[in-house]
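> Sharing a structure below in structure tokens format, with a few things to ask.
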């Protein structure tokens, strides 16, 4: 399971903004919980998958790179 380390988590939390870009981090078609590394089941209704709201596009790219995940922003 891929998840953010405590150091990475502190870094991205410091970069949060009030009106960030909504995003899911996808791995193999499943939404990734960046705190626990757990994946939502495949084909779950999108309304039930985890969405992060307070990140900038730069922070989203950073997280995606660390976790080898694909950021999905256009279907939210």
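Every number here is computed from the coordinates shown, using simple stated rules; none is lab data. It should be emphasised that the depicted structure is a prediction, and the values quoted were computed from it without experimental measurement.
> Looking at the square roots a ≥ b ≥ c of the eigenvalues of the Cα gyration tensor of the chain, which shape do they give, rounded for a/c under 1.5, prolate if a/b is larger than b/c, or oblate?
It comes out oblate by the Cα gyration axes.
> Expressed in nm to one decimal, what extension gain is obtained for the pair residue 19 and residue 6 from 0.36 nm per residue of sequence separation less their Cα-Cα distance?
2.3 nm
> On full extension of the chain, what length is gained from residue 51 through residue 36, given 0.36 nm per residue of separation minus the C-alpha to C-alpha distance?
Residue separation times 0.36 nm, minus the Cα-Cα distance, leaves 4.0 nm.
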